[in-house]
Every structure is written in C-alpha cells, then in structure tokens.
Amino acid sequence: MQKVLLVDDEKRMLDLVSLYLQPHRYLCKKALGAHEALAYLEKEVFDIILLDIMMPDMDGWELCREIRKFSDVPIIMLTAREQQEDIVKGLNIGADDYITKPFNEDELLARMGALLRRRTPKNIIEVDGLVWYEDRFELTYGKHIIKLTPKEFLMVGHLMKNADKVFTREQLIQLIWGFDSETEGRTIDSHVRNVREKIRQSGFPVDEHFLTVWGIGYKWINEME
C-alpha cells in the first residue's frame with residue numbers, strides 16, 4: 001500500500017481526495033496546511049505528495065521548495081490556477097506534475113501511478129518513521145541520522161527485512177560475519193545493546209520493536225505486541 005500525504009487548507013478537499021484514493025490501495029495522511037505537512041514529513045516517509053498551491057500560512061510553491069531541501073518524494077501540485085506561468089513555476093521549483101481543479105479522478109490516479117512507476121527502485125525499509133536505506137548506508141529517524149557501525153547496520157537491516165522472524169545468535173553471526181567466523185554469541189549481545197542505545201537516543205521506541213526472545217535470540221516486529 002502506497003502512503004500519500006495530502007496537503008490543503010480546506011478540510012473538505014482533503015476528505016474528498018482521501019475518500020477517492022483509499023479504495024485504490026492508497027494510505028492517506030491529511031495535512032491541514034503547510035506547517036502540519038512539514039511536521040508529518042519530519043517523522044514519516046511518504047511515497048507521493050498531493051500539494052495545493054493557494055494556502056494562507058505558506059503557499060504550495062514555498063512548501064515545495066522546503067520539501068526539496070531534504071526529500072525527492074514525487075510531488076503533484078493540485079490547484080485552481082491554470083496559467084501557463086504557474087505551471088512552469090511549479091515544475092521549475094521541484095514539482096513532478098501539475099493538475100488543475102476540478103480534476104478528473106481517473107486522470108489523477110493515472111498520473112500518480114506513472115510517477116510511482118518511474119521512481120528508481122531502492123532498498124528502503126520504513127517502520128513508524130525509522131528508515132533503513134541500504135543504498136545510502138543510513139538509518140534515520142525523522143531528521144536524525146543514527147550512526148551505526150557497518151556490522152550494526154547490517155544486523156538491523158536484516159532483522160527489519162525479516163520482521164517477526166526469530167534469529168539465534170549463531171544465525172546472526174553466520175549472516176553478518178560469515179560461516180568461518182570465530183565471533184561468539186556475546187558479541188551479538190554487545191552489538192544489540194549498542195544498536196538499541198543509539199536508536200533510543202533518536203527518540204524512536206526501539207524497545208517496542210527490537211525484542212529479545214529469551215533463551216533463543218532476537219527478532220524485530222513492525223507492529224507492537
């Protein structure tokens with residue numbers, strides 16, 4: 001299911017767009033204005049943003065500029081304005097597409113689908129705002145980069161990729177250090193403590209997701225038990 005951030009200063013419009021998108025397997029988060037949208041973007045990762053231009057607190061052009069400072073998420077601008085210069089302005093500051101209101105719902109779905117298909121596939125895992133970027137070798141929570149050693153990074157990624165599966169210490173050693181490693185189980189325990197502490201300092205509730213299965217090993221869960 002794709003996560004969509006809807007940004008508008010009219011609650012009715014947010015509700016209407018959300019009502020249409022949800023049956024098409026889009027999970028919609030509704031932001032009433034630019035500042036609320038930025039607050040969501042600090043904590044969550046979205047697959048696409050539908051952004052209104054004419055908003056009183058911060059217009060869509062300014063918000064688009066702010067988003068582009070830290071994210072390449074696809075942005076479609078939805079607006080009643082249809083002047084050519086407005087379309088060009090939106091595209092020049094980082095928007096990916098532009099649809100004027102009132103818009104055809106099927107066209108909106110088609111444009112969203114086209115943008116999402118064009119995105120370069122990336123190995124990214126996201127759980128409640130904690131994001132593991134394999135290609136960038138980064139673990140982030142909100143705007144915080146959590147500094148991990150290479151082994152810690154690989155361990156977290158492997159557990160997050162295989163949520164709910166329990167791994168023994170021996171399995172983790174083989175997966176991360178290799179079959180011929182002489183690493184002992186207490187090394188895994190040490191890495192787990194370090195990882196938990198580093199993630200905990202970012203504000204993410206790691207102890208509710210990274211669990212010890214006593215007498216066996218460790219597992220990661222996406223949904224809190």
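What the table shows:
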item: Restricting the range 202-217 to residues that are open to solvent by less than 10 Å² (accessible area, probe 1.4 Å) and either under 16 Å from Met155 (Cα atoms) or touching a helix residue (DSSP H, G or I) at 6+ places or on another chain (Cβ under 9 Å) (or both), the residue that is modelled with the lowest pLDDT; result: Gly217
item: Failed item, numbered, when Lys198 is tested on (1) in contact with a Leu (Cβ under 7 Å, 6 or more places away or on another chain); (2) at pLDDT below 90; (3) open to solvent by 50 Å² or more (accessible area, probe 1.4 Å); result: (2)
item: Every pair of residues 6+ apart whose Cβ atoms lie under 8 Å, when the first sits in the range 46-65 and is under 19 Å from Lys101 (Cα atoms) and of a type in the set (Gly, Ala, Ser) while the second is open to solvent by less than 20 Å² (accessible area, probe 1.4 Å) and not in a strand (DSSP E or B); result: Gly60/Ala34; Gly60/Ile53; Gly60/Gly90
item: Positions within the range 143-182 being modelled with pLDDT of 90 or more and either more than 21 Å from Val131 (Cβ to Cβ) or polar (S, T, N, Q) (or both), in sequence order; result: Thr149, Val166, Phe167, Thr168
item: Filter pass, Gly33 being at positive phi, without any contact (Cβ under 8 Å) to a residue 60 or more places away in the chain and among the small types (Gly, Ala, Ser); result: yes
item: Qualifying residue in the range 95-116 (condition: among the polar types (S, T, N, Q) and modelled with pLDDT under 80); result: no
item: Members of the range 95-110 found to be surrounded by fewer than 18 Cβ atoms within 10 Å (Cβ to Cβ) and assigned to a helix (DSSP H, G or I), listed by number; result: Glu105, Asp106, Glu107, Leu109, Ala110
item: Selection within the range 183-195 - at pLDDT 85 or above and more than 14 Å from Gly157 (Cα to Cα); result: Thr187, Ile188, Asp189, Ser190, Arg193, Asn194
item: Condition check for Arg200: more than 29 Å from Ala39 (Cβ to Cβ) and either free of Cβ contacts under 8 Å to residues at least 40 places away in the same chain or in contact with a Gly (Cβ under 9 Å, 6 or more places away or on another chain) (or both); result: no
item: Subset of the range 140-168 (residues that are in contact with a Gly (Cβ under 8 Å, 6 or more places away or on another chain) and surrounded by 18 or more Cβ atoms within 10 Å (Cβ to Cβ)); result: Tyr141, Phe167
item: Qualifying residue in the range 158-172 (condition: under 26 Å from Phe70 (Cβ atoms) and not aliphatic (A, V, I, L, M)); result: yes
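The values are calculated or read from the model by the stated rules, or taken from the named source; none is laboratory data. Just so it is clear, the structure is predicted and the values come from calculations on it, not from any experiment. Cβ coordinates were reconstructed from backbone atoms using ideal geometry, including for glycine residues, and neighbour counts include every protein chain displayed. Remember, those area values only see protein heavy atoms, side chains included, never the ligands or the DNA or RNA. Shrake-Rupley method; radii C 1.70, N 1.55, O 1.52, S 1.80 Å.
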